[in-house]
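Any read-out appearing in this document is the output of simple, stated calculations on the displayed coordinates, not a laboratory observation. Everything numeric here is computed off the predicted structure, so don't read it as measured data. Note that each Cβ is placed from the backbone with ideal geometry, even for glycine, and that neighbours are counted across all protein chains shown.
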């Protein structure tokens, strides 16, 4: 029997995220923020409230933000994405926490060398942020660019994962002196009292 589609709203230190899923297959992750249009939840979806079932996608997302999980044990439903986007997302999922990759390097890894700009478009269209970790993609010079959820959230996520400041050998990412300019280029984001890898209250 196909499990019913469910939706959960997961509060985190950087905002509340809506997760749409079938069993262990995630269909969408969207930030719920005033003034930000994410569309209505699927009309046939069942609302799942806390406490979330053990091992469910919303519980795994909650554990990630509490610092109790670094890898997601879910599948992602990319049926609505193009073949180009799918190949990019699949390559991106292989970039582990604590590392970053440039748009150009991600294009190469996904079999589309020279298509860095198109990869940027894929990041903008990513229907499952955080789980498909587009926050781990940075500019060639180490700049934090192109994150639809806000650059301060991108830096917060990289900081939580241990990739900030960006290290010189981080997944073929920025190297040399460029990494020392990042803190000057981006103001410190609000952390709401959160510290790296310290569990947040439920």
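When N is the residue count of region 5-76, what does its C-alpha Rg come to as a fraction of 2.2 N^0.38 Å?
Computed over Cα atoms of region 5-76, the ratio equals 1.04.
Hey, with R₀ at 35 Å, roughly what FRET efficiency would residue 94 and residue 22 work out to, going by the Cβ-Cβ distance, to 0.05?
That gives a FRET efficiency of 0.90.
Normalised radius of gyration for region 1-124, please: alpha carbon Rg relative to 2.2 N^0.38 Å, two decimal places.
1.14
Mean separation of Cα pairs under 8 Å and 6+ residues apart, divided by the residue count of region 1-88: what relative contact order is that in percent?
So the answer I get is 28 percent.
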